[in-house]
Amino acid sequence: MDPAAPVCHVSHFEADAFARWSGARLPTEAEWETACVASAPAASAPAVRPFQMLSCLWQWTASAYLAYPGFRPFPGAVGEYNGKFMMDQMVLRGGSFATPRGHLRPTYRNFFPAATRWQFSGIRLAEDA
């Protein structure tokens, strides 16, 4: 086992427990996205996506899968047909080496139940400043 390798195939519960044990926490979606954009190269640098944020492992966040604040559906839009299945869905951000390239962007939201050990899901820690 490589102790420097990222931990993968962990549930949200396990990721959160490890973060707390480490004296840290899981980042919110907004914090994760801000860190991902901040780690991108300057405008004058070549357009290279931040490798660790977008292509190693999906990363659990502390955010439940909900609509963004202020979101309103278009008038006449059909409501969420599977809303009853959206309970206990937590957001994963990033992507993995198995993620289609078109999904590797800072704004892509993935979600799974908190107990799921989704393939290639890992941990990114956050700390309060």
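Which condition from (1) of a type in the set (Gly, Ala, Ser); (2) surrounded by 12 or more Cβ atoms within 10 Å (Cβ to Cβ); (3) modelled with pLDDT under 95 is the one that Ala24 breaks?
(3)
Between residues in the range 1-20 that are closer than 18 Å to Val91 by Cβ and residues that are open to solvent by 70 Å² or more (accessible area, probe 1.4 Å), which pairs lie under 7 Å by C-beta distance while being six or more apart or on different chains?
Correct list of pairs: His9/Arg117; His9/Gln119; Val10/Arg117; Ser11/Arg117; Ala19/Leu125.
Give the range 96-119 a look and list any residue that's open to solvent by less than 40 Å² (accessible area, probe 1.4 Å), under 14 Å from Leu57 (Cα atoms) and at pLDDT 90 or above, or say none.
Asn110, the sole residue that qualifies.
Tell me, yes or no, whether the range 54-71 has at least one residue that is at pLDDT below 90 and part of a helix (DSSP H, G or I).
Looking through the range 54-71, at least one residue is at pLDDT below 90 and part of a helix (DSSP H, G or I).
The values are calculated or read from the model by the stated rules, or taken from the named source; none is laboratory data. Just so we're clear, the structure is a prediction, and the values are computed from it rather than from any experiment. Glycine also receives a Cβ, built like all others from the backbone with ideal geometry; neighbour counts cover every protein chain displayed. Quick note on the areas: whole protein, heavy atoms, side chains included, nothing else; ligands and nucleic acids left out. Shrake-Rupley method; radii C 1.70, N 1.55, O 1.52, S 1.80 Å.
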